[in-house]
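Before any comments, here is the structure.
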Amino acid sequence: MASLSRSSFYNYNVQSDVELKVSAPGKIILHGEHSVVYGKLALAASLGLRTKLHLYEIDLPNKLVLNCLPLDFEYVFDLQELIEELLDKPIAITSHPSSFNWESPKLVNHQSLVEIVENVVVEALMNINPAPNRAVVQTVMGVLYLFAGILSSTSVSLCPMRIIIDSDISMGAGTGSSASFSVAFAALFISYLKRKTIGSKNVSKDGFKPFYWPQADVDVLTHYTSGELDRISDWAFQCEMLFHGTPSGLDNTVCTFGNLVQYRKNHSTTHLTLNTPLTLLLVNSKEPRETKKMVAAVAKLKEDFPHLVEHILEALEDLTVNASGVIQKIDTAAVAGDGAGLSNGFNKWKTLIEINHSLLCSLGVSHPKLDKINRILDKFGLSGKLTGAGGGGYVISVIPPSYDPKEVIRVLKKNGFEVTVTKLGGPGVRVD
């Protein structure tokens, strides 16, 4: 079904005018990690770091070529076999086909579709030596899951194609790499479907719920409509279940819509807008995160000291609410050119960031390396906090507009930490 090669990628000639580029941002949790598990408010933001996809139809007959630059592999699928195994066979859904089309990701029988995709991937990989690692397998699984889910109910005519994956986002470090990947591929396949079926009176196969592109959307190929963004987020959530089992829905929401998102479990999300993106330092401790271990440790602490931990969680809730207000005031001051208001806002946010990290330390989810990063930041007049589950991963530090971070970056790197300067609160998924 497929062959796998590493390091040496091939050049293919573009066969038609069908060429698509999409990208989706990474994300960080600014405030509310761990407390969000217990129904408290979390505030997350998109990053300037992005997953970038490039699809174009090629002159290699009956092939789907998948290049992943960060993982250094090229996968060449037999396109007809993929169509027969993933698109032509009955789709795994929880309803009658007449109720399902590509706009209905919540009707997918997730576990059944995972098993179908897994069988295809296992067969494809069985003769590869050495065996691809877990990251490669999960990447291919994610691509084919969305390929099958989005396209199987449609009458789209597929042509040989090449898809190139590139990313600025480190895997497994708490910056939304899997959600960014899922959002980008959901968007890519929806864009491809729209491009190939834009004039069709019914995009769906016989027996499935009819679908056609609304007249208002026909000329919209350069960006995603509101409805398309909702479907992209929903499909990305389905793919996130493949990677994480029981995702919260926060990551795919931020990576789809961008900017800032207030999230509370089992409540509607609230989207906030930063008109002036802020500069952020992402400092990698190079200590692997242990998300399950950290979450379990907080749960045990809460079990042993329920009232005490509940007070800490309530404090984190209050802090997140305050931080949301402060960030919005910073943005207002930046737009208005109010220097005094900007300075006052950053000073308040700096204090909240310090308190936030201290509260997370009291829950036992920090690490000596994270604390060392914060001590270095403090010497340079900055504040930092862990982001995500803790126990490793990243510290984040927001940089005021007039601050030159060159020296603090030099010292952090001298101490063995990786530093990335990026923007906070940029656009969500987009056609590039």
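Here are some notes:
- Charged-residue dipole, Cβ positions (Lys, Arg, Asp, Glu), the chain about Cα centre, Debye nearest 20: 1040
- Heavy-atom accessible area order for Y38, Y212, largest first, 1.4 Å probe: Y212, Y38
- Dividing the convex hull volume of the alpha carbon atoms of region 297-400 by its residue count gives 91 Å³ per residue.
- Computed over the chain, the per-residue total of -39500 (n - 2.57) for DSSP H runs of n ≥ 4 gives a 222 nm mean residue ellipticity of -13500 deg cm²/dmol, rounded to 500.
- Label-point gap, in nm, between T291 and Y403 - each point 7 angstrom along Cα→Cβ: 2.8
- Using a Förster distance of 51 Å, the FRET efficiency for N266-K372 (Cβ separation, nearest 0.05): 0.85
- Per-residue packing, averaged as other Cβ atoms within 10 Å, sorts the ranges 372-379, 425-432 into the order 425-432, 372-379, beginning with the highest.
- Label sites at H244 and K300, each approximated as a point 7 angstrom past Cα along Cα to Cβ, lie 2.3 nm apart.
- The mean sequence distance of close C-alpha pairs (under 8 Å, at least 6 residues apart), as a share of the length of region 262-378, puts its relative contact order at 30 percent.
- When the Cα positions of W235, V321, V261 are compared along the charge dipole of region 209-340, W235 comes out farthest toward the positive end, with charges on each C-beta of Lys, Arg, Asp and Glu.
- 26 Å Cα-Cα threshold exceeded, pairs from K348/K372; K63/K423; K379/K414; K27/K209; K63/K205: K63/K423; K27/K209
- Relative contact order (percent, whole number), the chain, Cα cutoff 8 Å, 6+ residue spacing: 24
The values are calculated or read from the model by the stated rules, or taken from the named source; none is laboratory data. Quick caveat: nothing in here was measured; it's all calculated off a predicted structure. Methodologically, a virtual Cβ is constructed for each residue, glycine included, from the backbone with ideal geometry; neighbour enumeration extends over all protein chains shown. The protein model used for the area step is the full one, side chains on, heavy atoms only, and it has no ligands, DNA or RNA in it. Shrake-Rupley method; radii C 1.70, N 1.55, O 1.52, S 1.80 Å.
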